[in-house]
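K.L.:
Shown below is the structure under consideration.
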Amino acid sequence: MASATFDTLHAAKALTAAGFEAQQAEAITDTIREAFTESVATKADIAGLEAAVAADIAEVKAELKAEIAEVRTEVAALETRMVERFEALYKQLWLMGLGIVTAIAAIVKLL
């Protein structure tokens, strides 16, 4: 990360004017300067992170679209197989029903 601007001389003068000894003021301003240079993000840092996150999101989005397309294909294949099985079952049940009706008609004729 790039460092942010911090006027250590101005800060040290303000601290000594407030009653701190020069050594204390220097230690405080050095600590603050280190904190700024080590942990403060600049606009460029944030822009870089935003670009990286946007790229990651785009990648995940593309992967999800591909997975959704694959799942849709699998679901369509399952639907086709289920329709075929239901049609076969319907035919079997219809033939069984026809056989039962035929058997009942034969029994009725015998009576």
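The values are calculated or read from the model by the stated rules, or taken from the named source; none is laboratory data. Predicted model only: the values in this text are computed from it and were never measured. Note that we place each Cβ from the backbone using ideal geometry, even for glycine, and neighbour counts take in every protein chain shown.
K.L.:
Report, by residue number, each residue of region 39-59 that is in a helix (DSSP H, G or I) and under 23 Å from Phe6 (Cα atoms).
P.N.:
Ser39, Lys43, Ala44, Asp45, Ile46, Ala47, Gly48
K.L.:
Go through the residues of region 81-98 one by one and say whether even a single one is of a type in the set (Val, Ile, Thr), modelled with pLDDT under 95 and loosely packed, with under 11 Cβ neighbours inside 10 Å. Write out each step before concluding.
P.N.:
Of all residues in region 81-98, those of a type in the set (Val, Ile, Thr) come to 83.
Retained after the next criterion (residues that are modelled with pLDDT under 95): none.
There is no residue in region 81-98 that is of a type in the set (Val, Ile, Thr), modelled with pLDDT under 95 and loosely packed, with under 11 Cβ neighbours inside 10 Å.
K.L.:
Of all residues in region 18-38 being surrounded by fewer than 11 Cβ atoms within 10 Å (Cβ to Cβ) and in a helix (DSSP H, G or I), which is farthest from the chain's Cα centre (by Cα)?
P.N.:
Gln23
K.L.:
Six or more apart or on different chains, Cβ atoms under 6 Å: show the pairs whose first residue is in region 4-16 and under 16 Å from Glu34 (Cβ atoms) and whose second is aromatic (Phe, Trp, Tyr).
P.N.:
What qualifies is Ala4/Phe36; Phe6/Phe36.
K.L.:
Would you please name the residue that is modelled with the lowest pLDDT, looking only at residues in region 1-17 that are surrounded by 13 or more Cβ atoms within 10 Å (Cβ to Cβ) and not in a helix (DSSP H, G or I)?
P.N.:
Ranking the qualifying residues of region 1-17, first place goes to Met1.
K.L.:
Let me ask something else about it. Please go through region 39-49 and pick out each residue that is surrounded by 13 or more Cβ atoms within 10 Å (Cβ to Cβ), aliphatic (A, V, I, L, M) and modelled with pLDDT of 85 or more.
P.N.:
None; the set is empty.
K.L.:
Quick one: what pairs do we get from region 30-50, first residue among the β-branched types (Val, Ile, Thr), second surrounded by fewer than 13 Cβ atoms within 10 Å (Cβ to Cβ), C-beta under 9 Å, 6+ apart or different chains?
P.N.:
Qualifying pairs under 9 Å: Thr37/Ala2; Thr37/Ser3; Val40/Ala2; Val40/Ser3; Thr42/Ala2; Thr42/Ser3.
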